[in-house]
There are 2 protein chains.
Amino acid sequence: MFNQYAYGLGSKKSCIRELFQYGLEQAKKVGRENVFDYSLGNPSIPAPKKVNETAKYILDHEDPLLVHGYSAAPGFEEVREAIAKELTERMGMDIKSSNIFCTCGAAPALITIFKALCVEEGKSKVLGIAPFFPEYRPFSEGAGMKYDYVEADTTSFQINLPALEKKIDADTQCVIINTPNNPSGVVFSRATLEKVADILTRKSKEVGHPIYLVADEPYRELVYGGVEVPWVPSIYKDTIVAYSYSKSLSLPGERIGYICVPDCVTDSKDVMSAVAGAARIIGHVCPPTLLQRVVAQCTHERPDLGAYEENRKILMEGLKKIGYEFAQPDGAFYLFVKAPGGDGVAFSEKCKKYNLLVVPSDDFGVKGYFRLSYCVSKETVVNSMQAFEKAFNE
Amino acid sequence: MFNQYAYGLGSKKSCIRELFQYGLEQAKKVGRENVFDYSLGNPSIPAPKKVNETAKYILDHEDPLLVHGYSAAPGFEEVREAIAKELTERMGMDIKSSNIFCTCGAAPALITIFKALCVEEGKSKVLGIAPFFPEYRPFSEGAGMKYDYVEADTTSFQINLPALEKKIDADTQCVIINTPNNPSGVVFSRATLEKVADILTRKSKEVGHPIYLVADEPYRELVYGGVEVPWVPSIYKDTIVAYSYSKSLSLPGERIGYICVPDCVTDSKDVMSAVAGAARIIGHVCPPTLLQRVVAQCTHERPDLGAYEENRKILMEGLKKIGYEFAQPDGAFYLFVKAPGGDGVAFSEKCKKYNLLVVPSDDFGVKGYFRLSYCVSKETVVNSMQAFEKAFNE
């Protein structure tokens, strides 16, 4: 006598977690150095030094009652101000503390937004863009929404615009984009986003209510070669941003991020009230207070991307040479590769023989690809090349 | 076009938060020392020294990738082992790490449990015991359950057993108790809990499914005069415990606690799977990792209750002398007092004239009382006595 949907989600491991577990078992048998695990998106570059230094300074110098006591639900005022100030400076849009609601990372941020936008339980719809982060589905369904998605544009891995236009109906409350993208590593271009804005503006008029664009941006700071990651609210006004410091400050376990509802959003203040209420019913009390104060002092810190860049280069060159095809990965730490033979699941299975762990693309809403998370050691990348070659030629 | 329930929750402040805000405004006018704010339950004794020392040691000596990286969703294995070990030693029941699911505090722990136990959306029921923590209602409703409650036993502020028996029906999935109690400060006795167990055992048979008892225990460590806080699972086997370190380690802002589903619970492993799935759809990824490691090393730390004890004594003696009546507060840091004149809301309003901020009992499911949170400074208590006297005599 318990919830069968929750039981289903909790009793079966995700494909990614299963691969990771398999890798741990395998490492016991053949040695850690002989397992090439590209399954998990756990940052492999440490947090900037200032993070720990700031934490220790706060612990040493501030009143423990204030450090560890409750903050207001959206976070300390001075923390929200620091976040708003950095956004204003960088994005050229006036963001105020009242536009910021700090959360325990991106996952609750997204669920809070979905719950806030769920007008009719079981009918309102979230629309994803394939390939997409697989948790969007349970996040939407858990928030009472339906989840559907736009099929992938497998040429450029930008957005399949005609398919997007076709999928939107009156129940579509929001479209969620993730740029830089997990799993493809692709950054959506300004041209793409402008066309998305056109479609959403037109469709919003047609259906008679705003169709919000949810920009899920945990990888915003992880880009290579100076590629632009446009600030989406300046392109489409009804944009709600979800951000996390997990990747930019390498703090994924600490659970700290935010929701930004800019003033240009239709009924901005009311949407923020709905966000606050939605957060309350998923158990949000406040974001971890020590970490709030830490990130407020580290908003200008950037990850040292050298290690990711090096892995990316070796992988791209090596895989190309072997004959693999993949999307142009300008951001994040993912490579989305066409499975030789055309079956991602079968290819992932085959790779296991060479202790090479890659995630088949099916859960991301595309068949025939696999994802590599290259947030691993350089040795792993270099030593895995032989395995990639064997798997390709088998 | 957003969720009206969430909007309603988010756009109106709780009565407690409103009082607190009023107090801040008032302090600007008449001086902080002249406002006697008994509204909030924010611990006023600092975290034990070992908390900050442990945090700094971890930051200095452990690999930042491990400190700040993701843990498994239920928490690090060694953290769950430390929690299980302490429970096993203290409670005389064999608790294993597999019985522990760490959460971002008690609020998401409760919502996760409710969601896991929601068999039929909009029909399954959570049953509270008045007086109760007001958030139980949005937590239940947010998880898709109905919320109902058993009227208070205003003689002892234990549990109104005949009313409990009457209220349980086939849709009742769980009964939630909070002991030591917020708002009454009362600790439910072993005798009371044994009678509750009798009723639930009988009713479970009658309705043909287990009726779970959810024991919400953030105040477990805050008791005075050596009063026993029984370990509920040893009295009723289908008990799920929700715990938070917010009050015991004075860390309310850091969001760290756990759910314990002991092996004796019917279908224990399946319930734990439902808990894991429910956590996932409210955005739980893992509990804050630095704090996980800290509490694992502080499970034996206890708060220095001296300050609360002193406040409690001065308040009890002072209020009794004036003529106030209240429940016997053996735990937590609350006093639940009968409102002179019989109207809690009117009395709370009256108190404002004397800059005395007390929370009317209506939201707790009982009329005619008010709550005092005596986690304040001793000066506040001593200096407020005149205000209590004036309000009583007006």
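The values are calculated or read from the model by the stated rules, or taken from the named source; none is laboratory data. This structure is a prediction, so every number in the text was calculated from the model and none was measured. All Cβ positions, even for glycine, are placed from backbone atoms using ideal geometry, and neighbour counts span all protein chains on display.
So is B:GLU53 in the same structural domain as B:GLY277 (by TED's automatic domain parsing), more than 27 Å from A:PRO108 (Cα to Cα) and either assigned to a loop (DSSP other than H, G, I, E, B) or modelled with pLDDT of 95 or more (or both) or not?
When the stated conditions are applied, B:GLU53 does not pass them.
Which of the residues spanning the range B:41-66 are facing another protein chain (nearest Cβ under 8 Å), buried (at least 22 other Cβ atoms within 10 Å of the Cβ) and farther than 24 Å from A:GLY253 by Cα?
Answer for the range B:41-66, where residues must be facing another protein chain (nearest Cβ under 8 Å), buried (at least 22 other Cβ atoms within 10 Å of the Cβ) and farther than 24 Å from A:GLY253 by Cα: just B:PRO43.
Looking at A:GLY318, is it more than 10 Å from chain B (Cβ to nearest Cβ) and either in a loop (DSSP other than H, G, I, E, B) or touching a Phe, Trp or Tyr at 6+ places or on another chain (Cβ under 9 Å) (or both)?
For A:GLY318, the condition - more than 10 Å from chain B (Cβ to nearest Cβ) and either in a loop (DSSP other than H, G, I, E, B) or touching a Phe, Trp or Tyr at 6+ places or on another chain (Cβ under 9 Å) (or both) - is met.
Can you tell me which residues in the range A:349-382 are of a type in the set (S, T, N, Q) and closer than 18 Å to A:PHE133 by Cβ?
Once the filter is applied, which keeps residues that are of a type in the set (S, T, N, Q) and closer than 18 Å to A:PHE133 by Cβ, the range A:349-382 yields A:SER361, A:SER373.
Would you pick out the residues in the range B:96-145 that are of a type in the set (Lys, Arg) and facing chain A (nearest Cβ under 9 Å)?
B:LYS115
Only residues in the range B:34-55 that are closer than 27 Å to B:HIS68 by Cα and among the small types (Gly, Ala, Ser) count as the first member; pair them with residues that are modelled with pLDDT of 95 or more and not in a loop (DSSP other than H, G, I, E, B), Cβ under 6 angstrom, at least 6 apart or cross-chain, and list the lot.
Close Cβ pairs (under 6 Å, with a partner that is modelled with pLDDT of 95 or more and not in a loop (DSSP other than H, G, I, E, B)) amount to B:ALA47/A:HIS68; B:ALA55/A:LEU59; B:ALA55/B:VAL294.
Among the residues of the range B:11-19, is there at least one that is within 27 Å of B:GLY344 (Cβ to Cβ) and polar (S, T, N, Q)?
Checked the range B:11-19: at least one residue is within 27 Å of B:GLY344 (Cβ to Cβ) and polar (S, T, N, Q).
Suppose we keep only residues that are among the hydroxyl-bearing types (Ser, Thr, Tyr) and more than 8 Å from chain A (Cβ to nearest Cβ) within the range B:267-306. Which one would you say is farthest from B:ARG220 (Cα to Cα)?
Looking at residues that are among the hydroxyl-bearing types (Ser, Thr, Tyr) and more than 8 Å from chain A (Cβ to nearest Cβ), I get B:SER268.
So, B:LEU249, is that one touching a helix residue (DSSP H, G or I) at 6+ places or on another chain (Cβ under 8 Å), outside the structural domain of B:VAL366 (by TED's automatic domain parsing), within 16 Å of B:PHE333 (Cα to Cα) and aliphatic (A, V, I, L, M) or not?
yes
What's the number of the condition A:ILE58 fails, among (1) in a loop (DSSP other than H, G, I, E, B); (2) among the hydrophobic types (A, V, I, L, M, F, W, C); (3) under 30 Å from B:PRO48 (Cα atoms)?
(1)
Of everything in the range A:287-315, what is of a type in the set (A, V, I, L, M) and in contact with a Phe, Trp or Tyr (Cβ under 6 Å, 6 or more places away or on another chain)? Give them in sequence order.
Listed by number, the residues that qualify are A:VAL295, A:LEU315.
Answer yes or no: is there a residue in the range B:323-332 that is closer than 30 Å to A:ASN52 by Cβ, out of contact with any helix residue (DSSP H, G or I) (no Cβ under 7 Å at 6 or more places or on another chain) and at pLDDT below 95.
No, the range B:323-332 contains no residue that is closer than 30 Å to A:ASN52 by Cβ, out of contact with any helix residue (DSSP H, G or I) (no Cβ under 7 Å at 6 or more places or on another chain) and at pLDDT below 95.
Of the residues A:GLU394, A:GLU349, which single one is among the acidic types (Asp, Glu) and touching a residue at least 12 places away in the same chain (Cβ under 8 Å)?
Matching residue, one of A:GLU394, A:GLU349: A:GLU394.
Of all residues in the range A:241-254, which are farther than 17 Å from A:GLY75 by Cα and facing chain B (nearest Cβ under 7 Å)?
Hits for the range A:241-254 are A:SER250, A:LEU251, A:PRO252, A:GLY253.
Based on what the data block shows, is A:GLY257 within 13 Å of chain B (Cβ to nearest Cβ) and of a type outside the set (Asp, Glu)?
yes
In the range A:2-31, how many residues are loosely packed, with under 14 Cβ neighbours inside 10 Å and not in a helix (DSSP H, G or I)?
3
If we keep just the residues of the range B:338-394 that are aliphatic (A, V, I, L, M), part of a helix (DSSP H, G or I) and touching a strand residue (DSSP E or B) at 6+ places or on another chain (Cβ under 7 Å), which is surrounded by the fewest Cβ atoms within 10 Å (Cβ to Cβ)?
Taking the candidates together, the pick is B:VAL345.
At pLDDT below 95 and either out of contact with any helix residue (DSSP H, G or I) (no Cβ under 7 Å at 6 or more places or on another chain) or closer than 23 Å to A:ALA143 by Cα (or both): is that true of A:GLY208 in this structure?
Considered against the rule, which asks whether it is at pLDDT below 95 and either out of contact with any helix residue (DSSP H, G or I) (no Cβ under 7 Å at 6 or more places or on another chain) or closer than 23 Å to A:ALA143 by Cα (or both), A:GLY208 comes out as no.
Applying the selection to the range A:255-311, what residues are closer than 23 Å to B:PHE139 by Cβ, part of a helix (DSSP H, G or I) and among the aliphatic types (A, V, I, L, M)?
Selection gives A:VAL271, A:MET272, A:ALA274, A:VAL275, A:ALA276, A:ALA278, A:ALA279.
Looking only at residues that are without any contact (Cβ under 8 Å) to a residue 60 or more places away in the chain and touching a Phe, Trp or Tyr at 6+ places or on another chain (Cβ under 7 Å) in the range B:197-219, which one is nearest to B:SER250 (Cα to Cα)?
Top of the filtered list is B:GLU217.
Are any residues in the range B:63-79 touching a residue at least 24 places away in the same chain (Cβ under 8 Å) and charged (D, E, K, R), and if so, which ones?
If the condition is that a residue be touching a residue at least 24 places away in the same chain (Cβ under 8 Å) and charged (D, E, K, R), then B:GLU78 is the only one that fits.
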